[in-house]
Amino acid sequence: MEEGPSNGGMLYHEVQESKLCAVHCVNTVLQGPFFSELDLAAVASDLDRRERQIVLEAGAGSEELLSFEAEGSHNVSMDGDFSIQ
């Protein structure tokens, strides 16, 4: 492994905070503080919007749509736990 210019060859590691495993994992893989909880929340929100659009385009009945809507986000929980489906 080549030495990185910004870290003197050390591996980047973030201390675990709350349920933000996804944030810490992505930043560790990328070897820097590239994404925050807000960044991943924005991605999750975009995925939620796109999934809802797909359900609507599929002609899901009102019961299916109501059920989908009632479940809330499949991509992030209110306490910051992100999902990879």
Net dipole in debye of the chain [+1 Lys, Arg Cβ; -1 Asp, Glu Cβ; about Cα centre; nearest 20]: 100 debye
Ratio of Rg to Rh over the chain (Cα coordinates, Kirkwood Rh, two decimals): 1.16
Expected 222 nm ellipticity per residue - DSSP helices of 4 or more, -39500 (n - 2.57), all of the chain, to 500: -15500 deg cm²/dmol
In nm, spacing of pseudo-spin labels at HIS13 and CYS25 (7 Å Cα→C-beta vector): 1.8 nm
Gain in span if fully extended, ASP79 to ILE54, counting 0.36 nm per residue against the direct Cα distance: 6.4 nm
Percentage relative contact order, the chain, counting C-alpha pairs under 8 Å, at least six apart: 29 percent
Positive-end residue of LEU38, GLN53, SER67, charge dipole of the chain with Cβ unit charges: LEU38
Calculated P(r) of the stretch 21-71 - Cα pairs past 12 Å, %: 69 percent
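All of the numbers you see were taken from the coordinates with simple rules; none came from a lab. Note that the structure is a prediction, hence the values are computed from the model and not measured. Backbone-built Cβ (ideal geometry, glycine too); neighbour counts: all protein chains shown.
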